[in-house]
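Asker: Input: one structure, supplied below.
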Amino acid sequence: MMKQDCTNLRELSRNERLVLSLIRRHGPLARAALAQRTGLSAQAITNLTRKLISDGFLDSGKVVRGKVGQPSTPLDLAPDGAWFLGLKLGRRLIELALVDFAGSVRIHRQELCRFPHPDHVATFARQGAEAIMTTMSSESRSRISGMGIAAPFRLWDWGVEMGDWRERDLRAELAADFPFPVFLENDASTACAAELVFGRSVLPEDFLHFYIAHFAGGGIVLDGKLRLGPNRNAGALGSMPIANSGQLLEVASIATLESRIETALPRDFSGWMPPPPEIEAEWARDAGRSLAFAAMSAVALLDLSMVVIDGAVPPATRALLVEETRRAISEMPAAGIDRPEVVEGTLGNSARTLGAAALPLSHFFLPDGKLS
């Protein structure tokens, strides 16, 4: 692998990271707005932002002139300020993306497989990363902050063909090859992280996130932080028991929809022909009831005000799931608790890959150096 062209970006101060995070969340901000939001003096913000511009992390926008007061210059993230690789393992699709500092996917590679064998995934990651890096200048390669991996935990539970994963540490294997750090988290947790870091919704400090893919998963955000738990498996909503229905993943998942229509749906849903409407509607009703049960259980435990539903499904299918979940929640008893607002996620099929890229981003550029 290419080790010679990678250098470490300088370590940013907490205040510098705070400025970058505010702009990432709220969009371009003038220095006066940054001073107000951070509580730092105007001079301190001027010094911080001048250094961030010099180091290539911020761009100055056009001067905005109002009717009164001094003109202001909004500052925005410089897309080429840093780069992140995101590797996502799915049941039948593995993906690798190069994501820029502003959260846009610049290069995307994917490969279908019968199932993700560890040797095949490692080879795909190595060859894909090398191919991506050969397209980049030496300066851009030096700004790759790391690779994040979004992978389901306990892959060997998927079937005997996945048993080889039990003895493998993909993160350590790739970290030995690459000239930058490698991070790994549960794929559903990274989907939640992507909404938190790159999403376009206005989110409260506390919310529940469902992600519907081949199986269902989820994430929990409390006090603005993704909560991973002692085993890094908090928010394993797909494993949640559902009344009279086994576990959530047995009802609210693409695998269940495929079994009802007796055919596999394409992993790239740009070519997804809608299932028969009556079957999809019945599946969405059943899934919505199960999601509502899980959501209300979480609200009773954690006093959450919002539930976000996203997934590797077309927008119309996601909207249908949200509608059915809202309907089911409205019909459930809620004495002693407030029913949560249910909204659609904003990232869809790209959430887990973007969430993987968010792992190195959080380590180097979020105020506390972590999502959780």
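The values are calculated or read from the model by the stated rules, or taken from the named source; none is laboratory data. All of these numbers come straight from a predicted model, not from anything done at the bench. Virtual Cβ from ideal backbone geometry, glycine too; neighbours counted across all protein chains shown. Areas reflect the complete protein model, heavy atoms only, side chains present, ligands, DNA and RNA absent. Shrake-Rupley method; radii C 1.70, N 1.55, O 1.52, S 1.80 Å.
Asker: Just for the range 177-212: of the residues that are charged (D, E, K, R) and crowded, with 24+ Cβ neighbours inside 10 Å, which one is nearest to residue 342 (Cα to Cα)?
Answerer: This residue is 195.
Asker: Does residue 80 satisfy the criteria of being among the acidic types (Asp, Glu) and open to solvent by 20 Å² or more (accessible area, probe 1.4 Å)?
Answerer: yes
Asker: Looking at (1) open to solvent by 70 Å² or more (accessible area, probe 1.4 Å); (2) of a type outside the set (Lys, Arg); (3) within 14 Å of residue 81 (Cα to Cα); (4) modelled with pLDDT of 95 or more, which is the one condition that is false for residue 36?
Answerer: With (1) open to solvent by 70 Å² or more (accessible area, probe 1.4 Å); (2) of a type outside the set (Lys, Arg); (3) within 14 Å of residue 81 (Cα to Cα); (4) modelled with pLDDT of 95 or more applied to residue 36, the lone miss is (3).
Asker: May I ask you to verify whether residue 147 is assigned to a strand (DSSP E or B), within 20 Å of residue 365 (Cβ to Cβ) and either of a type in the set (Ser, Thr, Tyr) or touching a residue at least 24 places away in the same chain (Cβ under 8 Å) (or both)?
Answerer: Against the criterion (assigned to a strand (DSSP E or B), within 20 Å of residue 365 (Cβ to Cβ) and either of a type in the set (Ser, Thr, Tyr) or touching a residue at least 24 places away in the same chain (Cβ under 8 Å) (or both)), residue 147 qualifies.
Asker: If you don't mind, another one. Of the residues that make up the range 328-337, is at least one open to solvent by less than 10 Å² (accessible area, probe 1.4 Å), assigned to a strand (DSSP E or B) and more than 30 Å from residue 171 (Cα to Cα)?
Answerer: No: the range 328-337 contains no residue that is open to solvent by less than 10 Å² (accessible area, probe 1.4 Å), assigned to a strand (DSSP E or B) and more than 30 Å from residue 171 (Cα to Cα).
Asker: Quick check on the range 111-122. Is at least one of its residues in contact (Cβ under 8 Å) with a residue 40 or more places away in the chain, of a type outside the set (A, V, I, L, M, F, W, C) and touching a helix residue (DSSP H, G or I) at 6+ places or on another chain (Cβ under 7 Å)?
Answerer: Within the range 111-122 (the criterion being in contact (Cβ under 8 Å) with a residue 40 or more places away in the chain, of a type outside the set (A, V, I, L, M, F, W, C) and touching a helix residue (DSSP H, G or I) at 6+ places or on another chain (Cβ under 7 Å)), the answer is yes, since at least one residue qualifies.
Asker: If you check every pair at least six apart or on different chains, which have Cβ atoms under 8 Å apart with a residue in the range 152-167 that is without any contact (Cβ under 8 Å) to a residue 40 or more places away in the chain and basic (Lys, Arg) first and a residue that is part of a helix (DSSP H, G or I) and surrounded by 12 or more Cβ atoms within 10 Å (Cβ to Cβ) second?
Answerer: 166/156
Asker: Return the total of residues in the range 60-88 being under 28 Å from the mean Cα position of the chain (by Cα) and at pLDDT below 95.
Answerer: The number of residues fulfilling the criteria is 3.
Asker: Filter the range 217-236 down to the residues that are touching a residue at least 12 places away in the same chain (Cβ under 8 Å) and over 20 Å from residue 203 (Cα atoms), then identify the one that is most open to solvent (accessible area, probe 1.4 Å).
Answerer: Among those that are touching a residue at least 12 places away in the same chain (Cβ under 8 Å) and over 20 Å from residue 203 (Cα atoms), it is 232.
Asker: Six or more apart or on different chains, Cβ atoms under 8 Å: show the pairs whose first residue is in the range 243-267 and under 15 Å from residue 292 (Cβ atoms) and whose second is open to solvent by 20 Å² or more (accessible area, probe 1.4 Å) and at pLDDT below 80.
Answerer: 251/245
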